[in-house]
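Engineer: Okay, here's the structure, questions in a sec.
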Amino acid sequence: MSYQFDFSPLLTYWPELAAGIVQTLRISCIAMVAGLVLGIALTALRMSPSRPLRWLAVSYIELVRNTPFLVQIFFIFFGLPALGLRFDATQAAVLAMSLNCSAYAAEIVRGGVQAVPKGQVEAGRALGLGTADIYRFIVFRPAIRAIYPSLCSQFVLLMLNSSLVAAISAEELTYAAQMIDNRTFRSFEIFAVVGLLYLALSQCLSLVLAAIGRAYFSYPSK
Amino acid sequence: MEQSAAPAIRLEHVSKWFGKLKVLQDVDLTVNRGEHIVLCGPSGSGKSTLIRCINRLEEVQEGRILVDGVELRGDGRNAEDIRRHVGMVFQQFNLFPHMTALENCMLAPRRIHRIGKDEARARAMGHLERVHLADHAQKYPAQLSGGQQQRVAIARALCMNPDILLFDEPTSALDPEMVKEVLDTMVELADAGITMICVTHEMGFARAVAHRVIFMDRGEILESAPPEEFFSAPPARTRPDLPRPDPQPLRGASP
């Protein structure tokens with residue numbers, strides 16, 4: 001048998017692909033920011049003096065990290081309506097991605113906070129600063145800086161995992177690929193190209209994140 | 001006012017344990033306003049712990065600590081208020097690495113005294129000048145030498161306009177050639193009349209500025225005397241198991 005490779009149908013569908021890329025980036029970026037903010041909040045809970053709050057945070061983190069992402073997506077999109085919580089596909093996708101990201105981010109951020117020497121917190125205390133100010137002004141930047149590379153790879157992974165939300169027909173790049181595949185039956189060409197597009201997106205995202213890191217989280221060190 | 005008559009610091013029957021180890025044994029100490037105390041003794045004798053109790057970086061299990069006549073509450077609720085007028089300088093400097101020298105000095109006054117950026121900057125520059133580092137205001141800690149970092153740390157503490165300064169072995173982490181610049185800065189502060197408690201092994205500094213030298217061992221104050229008396233006939237320190245304090249004059253004075 002001989003398969004005739006033909007990439008030309010892809011050209012016809014470039015607007016769909018472009019829209020898919022934009023949507024993938026959009027939901028990923030929202031989920032990154034929301035995930036990081038939630039992750040920091042979870043870290044705060046996890047390090048709080050209250051045992052029930054710590055337990056709550058740990059349970060959430062363990063739950064999310066030990067269940068499949070696809071199951072989480074399905075639960076939010078198909079399961080939650082039973083409780084009256086209805087989301088459209090994109091909302092459900094962003095929510096699932098944010099919640100998923102927050103648990104991983106919380107683990108990473110905690111490592112960063114622990115990497116900040118105790119003397120830094122003591123210096124803040126000795127100046128009379130309150131706990132909130134100490135974490136906001138003294139611990140935050142060095143902590144994020146310490147774990148920035150891990151955080152970035154988690155974000156890249158999040159962007160790649162966003163392809164799973166195609167399963168609930170959230171309109172992103174993989175969903176667009178499936179649509180084009182259904183119409184043209186050019187599976188090899190489509191998924192090869194989409195794979196390469198994801199590769200390019202990952203590389204670009206890494207570069208952008210590295211630039212953000214240099215701008216906000218770098219300072220001279222020994 | 002009743003408070004203005006109170007001594008700067010008063011410790012009454014203070015005891016502290018780390019687990020089962022008793023690190024402070026029934027310590028009584030009164031420090032008057034403007035007084036300069038040098039605290040010395042072998043390592044592990046509780047000197048650092050003692051001053052860390054004064055601004056409640058450490059909790060005590062027994063006894064009372066009063067700062068300017070105000071008692072430190074057992075639950076630590078008023079610790080922040082007390083820390084705002086008790087400055088501390090650490091052995092490891094503990095400058096914030098992501099802030100310039102100037103920013104290090106501006107943070108607490110801005111957050112606590114709620115002063116504007118310009119005022120905070122002016123105040124910070126004033127104190128950086130006082131420690132002779134105005135030219136280095138825009139540098140990050142990693143770009144400064146150890147001695148310079150410690151002087152920035154002193155300026156940072158001064159920016160809160162403290163009544164009392166606590167020094168926890170401020171020159172122990174420094175290369176020998178940098179000790180003098182830090183000690184000189186401290187001597188200048190002492191001349192300005194601020195209340196100081198300094199944990200140090202620099203006996204030359206003790207001779208030069210201390211009103212009283214206190215010797216501690218195993219969590220107890222064994223001796224407390226003016227330097228001339230302290231260095232002439234040390235009764236408690238004749239115990240053979242304790243090191244004699246270094247009789248050398250201020251290091252760097254005769255290199």
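All of the numbers you see were taken from the coordinates with simple rules; none came from a lab. The shown structure was predicted, so the numbers you read here are calculated from the model rather than taken from an experiment. Cβ coordinates were reconstructed from backbone atoms using ideal geometry, including for glycine residues, and neighbour counts include every protein chain displayed.
Engineer: Suppose we keep just the DSSP beta bridges with both residues in the protein assembly as shown; what percent of those would be antiparallel, to 5? Write out the running numbers ahead of the final one.
Structural biologist: Details: 19 of 36 bridges.
Roughly 55 percent of the beta bridges in the protein assembly as shown run antiparallel, per DSSP.
Engineer: Working from the alpha-carbon coordinates of segment A:55-187, get Rg over Rh, Rh being the Kirkwood radius. Please list the in-between numbers first.
Structural biologist: Values: Rg = 19.7 Å, Rh = 17.4 Å.
With Rg and the Kirkwood Rh in hand, the quotient comes to 1.14.
Engineer: Once label points are set 7 Å from the Cα along Cα→Cβ at both B:Asp81 and A:Val37, what is their separation, rounded to one decimal in nm?
Structural biologist: 3.6 nm
Engineer: Show the residues, 5+ positions off or on another chain, whose built amide H is closer than 5 Å to the amide H of B:Phe167.
Structural biologist: Residues meeting the criterion, in which the H sits 1.01 Å from N, are B:Val89, B:Ile197, B:Cys198, B:Val199.
Engineer: To the nearest 10 degrees, how steep is helix A:51-65 against the longest Cα principal axis of chain A, on a 0 to 90 scale?
Structural biologist: Around 20 degrees separate the two axes.
Engineer: Apply the a/c threshold of 1.5 to the C-alpha gyration tensor of segment A:1-86 and tell me whether it is rounded, prolate or oblate. Working shown, then result.
Structural biologist: Values: a/c = 2.84, a/b = 2.41, b/c = 1.18.
Since a/c reaches 1.5 and a/b is larger than b/c, the shape of segment A:1-86 is classed as prolate.
Engineer: Label segment B:96-221 by shape, choosing from rounded, prolate and oblate, from the square roots a ≥ b ≥ c of the eigenvalues of the Cα gyration tensor; if a/c is under 1.5 it is rounded, and otherwise prolate applies when a/b is larger than b/c, oblate when it is not.
Structural biologist: Prolate is the answer for segment B:96-221, as a/c is 1.5 or above and a/b outweighs b/c.
Engineer: Tell me which residues come under 5 Å, amide H to amide H, from B:Ser15 once H is placed; ignore anything under 5 positions away on its chain.
Structural biologist: B:Asp26, B:Val27, B:Gln61, B:Glu62, B:Gly63
Engineer: In a GNM of chain B with a 10 Å cut-off on Cα contacts, which of B:Phe18, B:Phe90, B:Phe231 has the highest mean-square fluctuation?
Structural biologist: Residue with maximal mean-square fluctuation among B:Phe18, B:Phe90, B:Phe231: B:Phe18.
Engineer: Further, regarding this structure: Full-extension gain between B:His132 and B:Glu228, please, as 0.36 nm times their residue separation minus the C-alpha to C-alpha distance. Don't jump to the answer; show the numbers that get you there.
Structural biologist: On the way: separation 96, 0.36 × 96 = 34.56 nm, distance 3.09 nm.
Length difference between fully extended and current span is 31.5 nm.
Engineer: Continuing with this model, one more query. Report ³J(HN,Hα) in whole Hz for each residue of segment A:210-215, in order, from the Karplus equation J = 6.51 cos²θ - 1.76 cosθ + 1.60 where θ = phi - 60°; Gly and Pro get x.
Structural biologist: Per-residue couplings from phi come out as 5, 5, 4, x, 5, 6 Hz.
Engineer: For segment A:50-119 and segment B:13-75, compute the distance between their C-alpha centroids and round to whole Å.
Structural biologist: 45 Å
Engineer: Can you pull a Stokes-Einstein diffusion coefficient for the protein assembly as shown at 37 °C (0.692 mPa s), Rh from Kirkwood over Cα pairs, as a whole number of µm²/s?
Structural biologist: 125 µm²/s
Engineer: Could I ask something else about it? Can you list the HN-Hα couplings for segment B:102-119, worked out from phi with the Karplus curve (6.51, -1.76, 1.60; θ = phi - 60°), rounded to whole Hz and with x for Gly and Pro?
Structural biologist: 4, 5, 4, 7, 8, 4, 5, x, 5, 6, 9, 7, 6, 9, x, 4, 5, 5
Engineer: For segment A:143-222, state the semi-axes of the equivalent ellipsoid (square roots of 5 times the eigenvalues of the alpha-carbon gyration tensor), sorted largest first and rounded to whole angstrom.
Structural biologist: Values: eigenvalues 237, 30, 13 Å².
Semi-axes from the Cα gyration tensor: 34, 12, 8 Å.
Engineer: Still on this structure: Give me the percent relative contact order of segment A:104-191, please, defined on Cα pairs under 8 angstrom at least 6 residues apart.
Structural biologist: Relative contact order for segment A:104-191 comes out at 26 percent.
Engineer: Report the gain in length on full extension from A:Ser221 to A:Ala167: 0.36 nm times residue separation, minus Cα-Cα distance, nm rounded to one decimal.
Structural biologist: Full extension of this stretch gives 14.9 nm more.
Engineer: Measure off 7 Å from each Cα along the Cα-to-Cβ vector at A:Trp55 and A:Phe78, then give the distance between these two points in nanometres to one decimal.
Structural biologist: 3.3 nm
Engineer: Shape of chain B from its Cα gyration tensor (a ≥ b ≥ c, root eigenvalues): rounded if a/c is under 1.5, otherwise prolate when a/b > b/c, or oblate? Could the numbers behind the result be given before it?
Structural biologist: Details: a/c = 1.81, a/b = 1.24, b/c = 1.46.
In terms of gyration-tensor shape, oblate.
Engineer: OK, next. In degrees from 0 to 90, rounded to the nearest 10, what is the angle of the helix A:89-115 Cα long axis to the longest principal axis of chain A?
Structural biologist: That helix lies at roughly 40 degrees to the long axis.
Engineer: Here is a further query. Quote to one decimal, in nm, the extra length available between B:Asp28 and B:Ser145 on full extension: 0.36 nm per residue of separation minus the C-alpha distance between them. Display every interim value, and only then the final one.
Structural biologist: Details: separation 117, 0.36 × 117 = 42.12 nm, distance 3.79 nm.
Between B:Asp28 and B:Ser145, full extension yields an extra 38.3 nm.
Engineer: Let's test the formula: R0 of 45 Å, r as the Cβ-Cβ distance of B:Asp191 and B:Arg64. What FRET efficiency results, to the nearest 0.05?
Structural biologist: Efficiency for this residue pair is about 0.90.
Engineer: What does the helix-only formula give at 222 nm for the protein assembly as shown: each DSSP H stretch with n ≥ 4 adding -39500 (n - 2.57), the total divided by the residues, and the result rounded to the nearest 500 deg cm²/dmol?
Structural biologist: It comes out at -16500 deg cm²/dmol, rounded to the nearest 500.
Engineer: Okay, next question. Give the separation of the Cα centroids, segment B:143-177 to segment B:107-121, in Å.
Structural biologist: 20 Å
Engineer: Still on this structure: Which net charge results for the neighbourhood of A:Thr24, defined as the other residues with beta-carbon distances under 12 angstrom from its beta-carbon, given Lys and Arg at +1 and Asp and Glu at -1?
Structural biologist: Charge balance near A:Thr24 sits at -1.
Engineer: Per residue, how big is the convex hull of segment B:1-41 when only Cα atoms are used? Give it in Å³. Provide the component values of the computation, followed by the final result.
Structural biologist: Values: hull volume 3.3 nm³, N = 41.
So the per-residue Cα hull volume is 80 Å³.
Engineer: Work out from phi, with θ = phi - 60° and the Karplus expression 6.51 cos²θ - 1.76 cosθ + 1.60, the ³J(HN,Hα) of each residue of segment A:38-50, listed in order in whole Hz, and give x for Gly and Pro.
Structural biologist: For segment A:38-50, the Karplus-derived couplings read 4, x, 5, 4, 4, 4, 4, 4, 5, 9, 6, x, 7 Hz, x marking Gly and Pro.
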